Amino acid sequence: MTIKHERFELSNKDGDPIRGDVRMTADSKPGAAIVICHGFKGFKDWGYFPYIGEQLAERTGYPVIAINFSGNGVGSDLLNFTELDKFEANTFTKELADLRLVMDAFELGELPGVAPRSRFGILGHSRGGISTIVTGAEDERVGAIVTWNAVGQIDRWSEETKQRWRSDGRIEILNARTRQKMPLGIGLLEDYERNSDRLDLQKAAAALTVPYLIVHGGADESVSVAEGEKLAAAAPEGNSRFVIVEGGSHTFGAVHPFAGTTDHLTQAIDLTADWFTRHLNE
């Protein structure tokens with residue numbers, strides 16, 4: 001099946017670009033769309049994300065949008081971290097605002113090649129699960145959500161790290177793939193502390209009224225299965241499902257550049273496509 005692919009760029013209130021892709025079939029279903037949110041040190045063109053977009057568009061029939069959050073650090077070449085100043089200034093609530101802006105633009109018919117949509121499924125990987133869960137609890141346009149290997153709580157920093165962060169105004173995280181030292185500004189910590197109630201992921205999960213699928217790799221080396229268990233324990237019974245992909249890594253075995261799917265990734269996509277097909281049709 002042929003998948004149409006359109007790129008777009010929106011500007012948030014600070015004038016920073018939110019770059020994205022729309023993938024859809026020629027006879028896509030009306031009404032709903034799916035949005036993919038990348039995680040920490042992630043980007044929409046990393047490894048498996050284009051493949052996931054194609055698979056979900058073909059198998060659900062809905063348009064699929066993948067975005068780069070405005071502060072993810074990847075520049076206009078779409079593949080390299082050339083905007084580390086924006087990465088340093090990024091915050092959790094900026095990402096929430098970016099996601100809402102994309103949904104607004106889609107609802108208003110401002111994205112290329114596709115009719116307006118007013119109902120959304122959201123898939124978030126790793127840190128992208130934060131925006132997915134909170135938006136799922138806050139925005140009535142959301143019809144279903146899925147998280148892959150999402151954190152169960154944001155505050156995972158030691159007191160020593162926080163003290164150093166406040167003293168220096170930033171901390172640096174090594175990107176193991178690119179070997180870049182990536183700065184996190186103090187604004188990220190302050191944003192969490194100012195908005196800790198809104199960003200309480202277990203509280204947000206408990207407040208969900210939309211179907212929630214939690215998928216977690218059993219061998220996730222970055223976010224332990226215990227984090228997924230926290231979300232599963234908080235989410236309303238009867239409206240959520242928790243699935244462990246046994247042996248699955250943080251990216252379900254996929255690499256960048258993409259070298260093809262894996263059994264673990266296929267399982268995660270199967271679960272996700274079925275979830276959105278069933279619940280966005282309701």
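Things to note:
- Tally of residues being open to solvent by less than 20 Å² (accessible area, probe 1.4 Å), out of contact with any helix residue (DSSP H, G or I) (no Cβ under 6 Å at 6 or more places or on another chain) and closer than 10 Å to A137 by Cβ across the range 200-223: 1
- Checked against the criterion of being at pLDDT 95 or above and out of contact with any Leu (no Cβ under 9 Å at 6 or more places or on another chain), the candidates G73, G42 yield just one match: G42.
- Number of positions in the range 49-66 that are surrounded by fewer than 24 Cβ atoms within 10 Å (Cβ to Cβ) and touching a helix residue (DSSP H, G or I) at 6+ places or on another chain (Cβ under 6 Å): 2
- The residue list G253, G260, G248, G228 contains one member that is modelled with pLDDT of 95 or more and touching a Leu at 6+ places or on another chain (Cβ under 7 Å), which is G253.
- With respect to the conditions (1) open to solvent by 70 Å² or more (accessible area, probe 1.4 Å); (2) at pLDDT 95 or above; (3) under 30 Å from I244 (Cβ atoms), R156 lacks only one, and its number is (2).
- When we screen V223, V243, V215 for residues that are in a loop (DSSP other than H, G, I, E, B), at pLDDT 95 or above and on the phi < 0 side of the Ramachandran plot, the only hit is V223.
- Exactly one residue out of T135, T178 is surrounded by fewer than 22 Cβ atoms within 10 Å (Cβ to Cβ) and either among the aromatic types (F, W, Y) or not in a strand (DSSP E or B) (or both), and it is T178.
- In the range 39-62, the condition of being assigned to a helix (DSSP H, G or I) and among the aromatic types (F, W, Y) is met by at least one residue.
- Residue within the range 3-19 that is in contact with a Phe, Trp or Tyr (Cβ under 9 Å, 6 or more places away or on another chain), within 30 Å of D155 (Cβ to Cβ) and surrounded by fewer than 24 Cβ atoms within 10 Å (Cβ to Cβ) present: yes
- Top-ranked residue in the range 221-238 [being in contact with a Phe, Trp or Tyr (Cβ under 9 Å, 6 or more places away or on another chain) and of a type outside the set (G, A, S); ranked as farthest from H279 (Cα to Cα)]: E229
- The residues in the range 88-106 that are over 14 Å from the mean Cα position of the chain (by Cα), among the hydrophobic types (A, V, I, L, M, F, W, C) and open to solvent by 10 Å² or more (accessible area, probe 1.4 Å) can be counted, and the count is 2.
- Residues that are under 26 Å from N149 (Cα atoms), among the polar types (S, T, N, Q) and part of a loop (DSSP other than H, G, I, E, B) within the range 75-124 comprise N80, N90, T91, listed in sequence order.
- Looking across the range 227-277, the residues that are of a type outside the set (A, V, I, L, M, F, W, C) and without any contact (Cβ under 8 Å) to a residue 24 or more places away in the chain come down to E237, G238, G253, G260, T262, D263, T266, Q267, D270, D274.
- Failed item in (1) out of contact with any Asp or Glu (no Cβ under 7 Å at 6 or more places or on another chain); (2) crowded, with 22+ Cβ neighbours inside 10 Å, with F69 passing the rest: (1)
The values are calculated or read from the model by the stated rules, or taken from the named source; none is laboratory data. The model shown is predicted, which means the values in this text are computed figures rather than measured ones. For neighbour counting, all protein chains shown are included, and Cβ atoms are generated from backbone atoms with ideal geometry for every residue, glycine included. Quick note on the areas: whole protein, heavy atoms, side chains included, nothing else; ligands and nucleic acids left out. Shrake-Rupley method; radii C 1.70, N 1.55, O 1.52, S 1.80 Å.
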